[in-house]
1. From the set of residues in region 189-235 that are small (Gly, Ala, Ser) and more than 14 Å from the chain's Cα centre (by Cα), which is nearest to VAL63 (Cα to Cα)?
2. Would region 76-93 turn up any residue that is more than 18 Å from the chain's Cα centre (by Cα), within 26 Å of ILE142 (Cα to Cα) and at pLDDT below 85?
3. From the list PRO121, PRO163, exactly one residue is modelled with pLDDT of 70 or more and farther than 23 Å from GLU33 by Cβ. Which is it?
4. Condition check: touching a helix residue (DSSP H, G or I) at 6+ places or on another chain (Cβ under 9 Å) and crowded, with 19+ Cβ neighbours inside 10 Å. Does SER173 satisfy that?
5. Can you report the number of residues in region 201-235 which are touching a Leu at 6+ places or on another chain (Cβ under 9 Å) and β-branched (Val, Ile, Thr)?
6. List pairs: first in region 26-45 and modelled with pLDDT under 85, second of a type in the set (Asp, Glu), Cβ under 8 Å, 6+ apart or cross-chain?
7. Residues ASN186, ASN216: which one is within 20 Å of ILE4 (Cβ to Cβ) and surrounded by fewer than 19 Cβ atoms within 10 Å (Cβ to Cβ)?
8. Please specify each residue of region 232-267 satisfying the condition of being under 26 Å from PHE218 (Cβ atoms) and not in a helix (DSSP H, G or I).
Amino acid sequence: MIEIILGIVFEAVVVLLMFLFGVIQSNTFKTKEHVIQLIVSTIMFAAVLSLGIIGLIDRDFFVNNNSIVDLELLKAFLVLIGIIFIGSIYKYYDRKKNSNSIDVYILKKEDYKLKWDFDIPVENLMVARVQALAEWGENIIIFSGVKLTEEIDGRFVLREIKPRVYECLQYSSEENEIGIMTRISNMLSWALSITSMIAVGLFAAMLHVFSSNEVNEFLLYLIKPFGLMSFGLAGFKTFQNVEGIFGIVFKLFGLFIAFVGFMYFFQ
């Protein structure tokens, strides 16, 4: 039971990250992201906290359930989930103040013009990091957390941060043809998500002490390739938009780690 609860918590974190980073495209989620994130993080935090309370009341609870989980390990989990929970509360109240300013717009590529060189000070745009700007009539669209490399016909989830200035939270293409680099990026994102879900599931299963050594060894055998592939792909995606030698080195290193993990299957 302990491993099942923790496994669900871990999988929920991965799925939540898939939505937050746009692996799963959903305009509905993006407009209600702060509400859904708070609900999911609250459930996760309550689940881990409940296990900790049960463990404090019954000191033999974990041993009786053949689990290697103890209060110290739960404390570590609780800190990690707690950070997500506190961040979700802050995000909820921050977004709630501007909830009426978030909307979905359908734009044609001729409706706006992307710019990478701009003279507007970043502090005047009210965001920490700007990857690109788009002139949309008399309006400005800021691309910070998401990156657009060329004008497309698409749906854009925009948040108005000041008069005539919008931040793009997410976009999805309405075009039939998708570029090869976009396809590769999407494939790597899904590969990272799937390997991460399998890895955290295996990790949760390894928290249980099975009576069969073969089962324990098999789980240990599987966690290595999936863990390495997840780590390598995560590294590649982290530096995907970083240019120059530094970005190339880390992207190649990430792919190398993912390849090493894949080759573990053939050992």
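The values are calculated or read from the model by the stated rules, or taken from the named source; none is laboratory data. Owing to the predicted nature of the structure, the values given are computational and were not obtained by experimental measurement. Reconstructed Cβ throughout: ideal geometry from the backbone, glycine too, with neighbour counts over all protein chains shown.
1. Of everything passing the filter in region 189-235, SER211 is nearest to VAL63 (Cα to Cα).
2. Yes, that holds for at least one residue.
3. PRO163
4. Values: touching a helix residue (DSSP H, G or I) at 6+ places or on another chain (Cβ under 9 Å): yes; crowded, with 19+ Cβ neighbours inside 10 Å: no.
When the stated conditions are applied, SER173 does not pass them.
5. 1
6. Going by the 8 Å Cβ cut-off, the qualifying pairs are THR31/ASP103; HIS34/ASP94.
7. ASN216
8. GLN267
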